[in-house]
Amino acid sequence: MDFWRHISSGRLSEMFGSSQVDTDRYLRTRGWTRVAQQEIQEMNAEMKAYLEVYADGVNAYLAEHQGSALSLEYTVLKFLNPGSKYSLQNLITNYELRITNYFNSFL
């Protein structure tokens, strides 16, 4: 889940180092973060509340788990924690990335 968050926000270099800077630049040109911010502004209050509860649940899990108890990627990469809270923007950008991948699979 955190891996997808880094992909969709163009922040892979935070996980894998400077070798991913060009990939991050490309991913950021996709505009997923900008579109997510617009969608959040236009979202109705009920939907926003549902997504905030989901993000709060993810953050509660992250607060209670560290290292290998959190995920394999943190053990293998020796991360201590994800470093930032999960947000509505993360939810929307992950969705946009997955939809893009889904449609690209038919091309």
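Give me Trp4, Trp32 sorted ascending by neighbouring Cβ count inside 10 Å, so fewest comes first. Please report the intermediate quantities before stating the final value.
Numbers: Trp4 14, Trp32 23.
The most exposed by this proxy come first: Trp4, Trp32.
Run the quick spin-label model on Arg30 and Tyr95: label points 7 Å from Cα toward the beta carbon, then report their separation in nm to one decimal.
Inter-label distance under the simple model: 1.6 nm.
Rounded if a/c is under 1.5, else prolate if a/b is larger than b/c, else oblate: which is the chain, with a ≥ b ≥ c the root eigenvalues of its Cα gyration tensor?
Values: a/c = 1.95, a/b = 1.10, b/c = 1.78.
Oblate is the answer for the chain, as a/c is 1.5 or above yet b/c matches or exceeds a/b.
If you take the charge dipole of the stretch 1-84 about its Cα centre, with +1 on Lys and Arg Cβ and -1 on Asp and Glu Cβ, which of Tyr50, Val76, Ser19 is farthest toward its positive end?
Checking the options against the dipole of the stretch 1-84, the answer is Ser19.
What's the local net charge at Asn90, with K and R +1, D and E -1, over the other residues with C-beta under 13 Å away? Don't skip to the answer; put the middle values down first.
On the way: positive: Arg5, Arg11, Lys85, Arg98; negative: Asp2, Glu39, Glu52, Asp56, Glu96.
Here the count lands on -1.
Charges only on Cβ, +1 for Lys and Arg, -1 for Asp and Glu: so what's the dipole of the chain about the Cα centre, in debye to the nearest 20? Can you show the working numbers first?
Working: 10 positive and 12 negative charges, 63 e Å.
Dipole about the Cα centre, nearest 20: 300 debye.
For Phe16, Phe106, which order do you get if you count the other beta carbons within 10 Å of each Cβ and list the fewest first? Each step should come with its number before you reach the end.
Values: Phe16 14, Phe106 5.
Ranked by crowding around the Cβ, least crowded first: Phe106, Phe16.
Quick note: the coordinates plus some simple rules give every number you see, no bench work behind them. As the structure is a computational prediction, the values presented were derived from the model and not from experiment. Counting neighbours? That spans all protein chains shown, and the Cβs are built from the backbone with ideal geometry, glycine included.
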